[in-house]
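The values are calculated or read from the model by the stated rules, or taken from the named source; none is laboratory data. From a predicted model like this one, the values you see are computed outputs, not experimental measurements. Here the Cβ positions follow ideal geometry from the backbone for every residue, glycine too, while neighbour counts run over all protein chains shown. The protein model used for the area step is the full one, side chains on, heavy atoms only, and it has no ligands, DNA or RNA in it. Shrake-Rupley method; radii C 1.70, N 1.55, O 1.52, S 1.80 Å.
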Amino acid sequence: MSLIDSLPRVGAPKLPKVDGLIPWIVPLAIVLIWQLACVTGYVPSRVLPAPTDVALAGWKLLLSGELVRNIWVSFWRASIGFVIGGGIGFAFGLANGLSQLSAKLTDTTLQMVRNIPHLALIPLVILWFGIDESAKLFLVALGVFFPIYLNTLHGIRTVDPQLIEMGRIYGMTDGELFRRVIFPGALPSIFVGLRFALGIMWLTLIVAETIAASSGLGYMAMQAREFMLIDVVVLSILIYALLGKLADSASRALERLTLSWHPAFQKK
Amino acid sequence: MQEALRFQSVDAEPIDRADIVVQARQLRRGSEGATRGLSLTIRGLRKSFGDNEVLRGIDLHIPSGQFVAIVGRSGCGKSTLLRLVAGLDAPTAGSIAFGEQPRAQDVRVMFQEPRLLPWARVLSNVEVGLGRERSSADAQARAERALVEVGLGDKRGEWPAVLSGGQKQRVALARALVSQPRVLAFDEPLGALDALTRISMQQLLERVWRDQGFTAILVTHDVAEAVALADRVLVIEDGRIAQDVTIDLPRPRRRGSAELAALEGEILKHLLEGSEDTQ
C-alpha cells in the first residue's frame, strides 16, 4: 500500500523523462534476455539469431538500400489502401448513420460482406488483379473499410439525442448540427475504428505481400525464408512490430489533439 | 461544508462586479421599451400519446412577465405542458397563443440536464444560445455578458467537463438568457442539484427574472421552491389544472417564513389528498 502510494509521487515529479521510458522497459528486457540466451548458446542461432546479428543484417540491408525501398513500398501500399478503404467506410458510416433510407438500402449487404474473412478472398483477388499493386490495395482497403464503417455508424447513432434536440431548439441548421453536435459526438468512436483499422491494415498488407508480391516487407521476409536467412525473417517481424506501434502512436496523438475536451484526455 | 464555501465565493462574484451588472441593467432598460415578457393564452389544450391522454383540456392565461410555477405528481403532464408551450411537441387539440408572434429566440427552454456540448468551451456553449444571430459581430460580447450575469465570467475558456453540476446549469442558464428571451420555460432545472446549490440557483433565477422581465414558467416537483419563487402556483392533476394559487408575498422572500410554510402546506395537503383518492 505505502509502496504503491509512494511510487508515482517520488518518481514522477523528480524525473519526468523516466515516465516516458517505462513502457519500453519490457521490450528492452526481452531483447536483453534474448541476447543473453543466444550468447550463452542456450538458444542455437539457427533457431533464433541474436539481436546483434539481426541488427547487423538490418545494417547490411540498409546500406544496400533494399530495406528502405521495401519499407517505403509497404508504407505506400498501406497508406493508399487505408485512404481508399477508410474513406469509403467513413462515407458509408456517415450516410447510414444520418439517413434511414441509406441504412436500409446498404447495411444488410455490407453486413453480409463483412462476414467473409477478407483474406479468404486472396485466390479470387489474384485471379482478378494478378499480383499487381491493385490486388494489395484492394485487400487493404477491404480490411480497413469495416472497422471504420462500423465505428463511424455506431458513433453517429449514439450521439446524445438530448444534445441534438438542444441544437434544434437553438435553431441550428442541418449542416451546423452535423458540424457542431453530431460529428464531434461521433469522433471518439471513429477513433476506436481508426485504431482497429490501422492494425488490420498491416495484417492484411503483410499477408498479401507474403503470398503475391515482388517488393515490400512481406516479400522481403518470404525471400529470406527461401534462402534460410533467419536473421532477415526476424528483422522483418521486428519492423512490423515497430511500424504497428508507430501507427498506433500517430492515431493516439491525433486523438489527444482533437479530443482535448474529453475528460479522459485532460492533463491535470 | 467545502461545497458551500466554494459556491459562496463563486456566487459573491456578481456582487463584486456590481458595476457590470448595473451597466447591463441600464442597457436592457434602454432597449426594452415597454415590458419584455410575452403574455400567453392557452385554450382547450389536449395532448395524447397513443391511447394515453396526458393533458385533458388546459385553459390558462399568463400575463406578461409573470413567474408561474407548475407542480404536480410525476406523470401528471406538467412537463408535457411545458414542452407544448416551448414548441417542442405539437398539441393534439387546442391552442397556445402568445401576446405577439414570437421569434425563434424569444422562447427558450432550460432542462433538468445542462445539455452543454462537451467539446465546446463554455463561451462557445453560451454562443449557441444566440441562434441565428450566432455569426453577428457582437455575438462573443453578448455571450460574455450573459456569463458574467450568472457569475461565471472567469470560466469562459474552460471545458464543461471541469465544471461542477451547479456551474454547468448556470452555463445552461446563460445560454438560455443570451438571446434575451421573452418567455423562459424551466423543466425542473434544479432537480439534479444538491440542496445548497439549489438555493443559490433559485436566487439567481429570481434575480435574472427581475432584471430581464421575461415571462417565466417553472416546472418543479418541489412545492417549497414553487412558493418561494413564483407569483402563482398551478397544481396539475390528471391532466387538468386542479388548483391555481396566487402567491402575493413581497420579494425577496425569506426562506422558511411562516407565510411560505403555510402556503406550501396547503398545496402539499391538496396534492396528498389527491393521491389518496386514486389509491
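In this view, the solvent-accessible surface of A:L98, computed with a 1.4 Å probe and all protein chains in place, comes to about 90 Å².
Helix A:25-39 and the longest principal axis of the C-alpha atoms of chain A enclose an angle of approximately 20°.
Pairs of Lys residues in chain A, spaced 8 or more positions apart or belonging to different chains, with C-alpha separations under 25 angstrom: 8 in total. Figure note: B:T215, B:T80 ranked by solvent-accessible area, largest first, 1.4 Å probe, ligands and nucleic acids not counted: B:T80, B:T215.
For B:G94, nonlocal amide neighbours, meaning residues 5 or more places apart or on other chains whose placed amide H falls under 5 Å from its own, are B:R46. Can you give the accessible area buried between chains B and A, summed over both chains, with a 1.4 Å probe, in Å² to the nearest 100? Roughly 2000 Å².
For the range A:54-258, carbon and sulfur atoms together expose 72% of the accessible surface, with a 1.4 angstrom probe and every protein chain in place. For A:S249, the accessible area of its heavy atoms, probed at 1.4 Å with every protein chain present, is near 50 square angstrom. Between the Cα long axis of helix B:258-278 and the first principal axis of chain B there is an angle of about 50°, rounded to the nearest 10.
By accessible area of protein heavy atoms, probe 1.4 Å, what ranking do B:K269, A:K104 get, highest first?
If we order B:K269, A:K104 from most to least accessible, we get A:K104, B:K269.
Contact residues in the range A:178-204 by the 40 Å² criterion (accessible area, 1.4 Å probe, full protein complex versus chain alone): A:R180. For chain B, modelled as a GNM whose springs connect Cα atoms under 10 angstrom apart, the maximal fluctuation among B:E264, B:E149, B:E127 occurs at B:E264. Counting Lys and Arg as +1 and Asp and Glu as -1, what is the net charge of the other residues whose Cβ lies under 14 Å from the Cβ of B:H221? Once positives and negatives cancel, what remains is -3.
If Lys and Arg each add +1 and Asp and Glu each add -1, what is the summed charge of the other residues whose beta carbon sits under 12 Å from the beta carbon of B:R232? Net local charge, B:R232 excluded: -3. Per-residue 3J(HN,Hα) values for the range B:161-166, derived from phi via the Karplus relation 6.51 cos²θ - 1.76 cosθ + 1.60 with θ = phi - 60°, read 4, 8, 7, 7, x, x Hz in sequence order (x marks Gly and Pro). Would you work out what percent of the accessible area of the range B:2-278, with all protein chains in place, is carbon or sulfur (probe 1.4 Å)? The C+S portion of the solvent-accessible surface of the range B:2-278 is 48 percent. Remark: accessible surface ordering of B:H221, A:H118 (largest first) is B:H221, A:H118, probe radius 1.4 Å.
Per residue of the protein assembly as shown, the DSSP helices (runs of n ≥ 4 H) give a summed -39500 (n - 2.57) that works out to -19500 deg cm²/dmol at 222 nm.
In order along the range B:77-87, phi translates into HN-Hα couplings of x, 5, 5, 4, 4, 5, 5, 5, 4, 6, x Hz, rounded to whole numbers, per the Karplus curve 6.51 cos²θ - 1.76 cosθ + 1.60 with θ = phi - 60° and x for Gly and Pro. Both radii are taken from the alpha-carbon atoms of chain B; with Rh as the Kirkwood radius, Rg/Rh is 0.96. For the range B:78-121, a decrease in accessible area of 40 Å² or greater in the assembled protein chains relative to the isolated chain, with a 1.4 Å probe, applies to B:R108, B:R115, B:L117, B:W119.
Semi-axis lengths, largest first, of the ellipsoid equivalent to the range B:75-217 are 24, 19, 14 Å, with √(5λ) applied to each eigenvalue of the Cα gyration tensor.
Taking the C-alpha atoms only, the angle from helix A:2-14 to the longest principal axis of chain A is near 90 degrees. Charge tally around A:Y170: other residues with Cβ under 12 Å, Lys/Arg +1 each, Asp/Glu -1 each, net +3. Database remark: amide H of B:M110 closer than 5 angstrom to the amide H of B:A185, B:F186, B:D187 (H placed geometrically; neighbours at sequence offset of 5 or more, or on other chains; Pro and chain starts carry no H).
Could you give the size of the charge dipole of the range B:2-278 about its Cα centre, using +1 on the Cβ of each K and R and -1 on the Cβ of each D and E, expressed in debye and rounded to the nearest 20? Mind dumping the intermediate values first?
On the way: 37 positive and 38 negative charges, 185 e Å.
It works out to roughly 880 debye.
Using θ = phi - 60° in the Karplus curve 6.51 cos²θ - 1.76 cosθ + 1.60, the 3J(HN,Hα) couplings for the range A:185-193 round to x, 7, 4, x, 5, 4, 5, 4, x Hz; x is entered for Gly and Pro.
Estimated at the nearest 10 Å², the accessible area of A:C38 is 20 Å² with a 1.4 Å probe.
Annotation: amide H of B:R240 within the under-5 Å range of B:R56, sequence separation 5 or more or interchain, hydrogens built in the peptide plane.
Pairs of lysine residues in chain B that meet both criteria, 8 or more places apart or on different chains and Cα atoms under 30 Å apart, total 5. Taken over the C-alpha atoms, the protein assembly as shown has Rg and Dmax values of 32.4, 98 angstrom.
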